[in-house]
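Each remark here refers to the structure printed beneath this line.
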Amino acid sequence: MAEANWYVVHTYSGYENKVKANIEKTIENRHLEEQILEVRVPLQDVVEMKNGAQRTVQKKMFPGYVLLNMVMNDDTWYVVRNTRGVTGFVGPGSKPVPLTDAEMYNLGIQSTSLSVDFEEGDTVTVIGGVWKDTVGVIQSMNQAKQSVTINVELFGRETPVEISFAEIQKM
């Protein structure tokens, strides 16, 4: 399988979150989880003064742009390029150019991978996020996305949930 790289997609201004949601829905519908790994709208915390009160809000770092971690091929190019709100990839003509490691580091996105001491079938505890303090058995691992799928009990049923390596620990 080819290597995944980060690419930048240009969108209509204000449509970044809508494009992200549309691409994620398409990934799910077409089962492209192994090819389009992550969709991001980079945000930064900004302190604003409003009516004499100081508050922190999140603003888009690059309005009109969405970052994609994906394996570039004809299928993924077509899916992303034909998503409503996308005007095209950043790069000359119709050829997308991947971001370099230096550019990714400047954006605060490191490509370091965590080494883990658990495997499929191990029982783990979730130590962060929405599922904190939940115990589950690892059903599958995705090294590219740095995540595992565990079954948790939800409304009396076993439900698969994807959780980052950083949010779990072995029991």
Nearest 20 debye, what's the magnitude of the dipole of the range 51-103 about its Cα centre given +1 on Lys and Arg Cβ and -1 on Asp and Glu Cβ? 380
The whole-number value in µm²/s of the Stokes-Einstein translational diffusion coefficient for the range 1-59, with Rh from the Kirkwood sum over alpha carbon pairs at 10 °C and 1.306 mPa s, is 112
Could you go through the range 43-54 in sequence order and give the Karplus-derived ³J(HN,Hα) for each residue, using 6.51 cos²θ - 1.76 cosθ + 1.60 with θ = phi - 60°, rounded to whole Hz, and x for Gly and Pro? 10, 9, 7, 10, 8, 10, 9, 9, 6, x, 9, 9
Can you list residues whose amide H is under 5 Å from Gly128's amide H, if they're 5+ apart or on another chain and H is modeled 1.01 Å from N? Asp133
Per residue, accessible area of the chain with a 1.4 Å probe, heavy atoms of protein chains only, in Å², comes to 65
Shape call for the range 46-171 from the C-alpha gyration tensor, a ≥ b ≥ c root eigenvalues: rounded (a/c under 1.5), prolate (a/b greater than b/c) or oblate? oblate
Proximal lysines to Lys18, defined as alpha-carbon separation beneath 16 angstrom and excluding residues fewer than eight positions away on the same chain: Lys59, Lys60
Alpha-carbon gyration tensor eigenvalues x 5, square-rooted, for the range 1-120, Å: 27, 20, 15
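The values are calculated or read from the model by the stated rules, or taken from the named source; none is laboratory data. Quick caveat: nothing in here was measured; it's all calculated off a predicted structure. With ideal geometry, Cβ positions are generated from the backbone for all residues, glycine too; neighbour counts draw on all protein chains shown. Areas reflect the complete protein model, heavy atoms only, side chains present, ligands, DNA and RNA absent. Shrake-Rupley method; radii C 1.70, N 1.55, O 1.52, S 1.80 Å.
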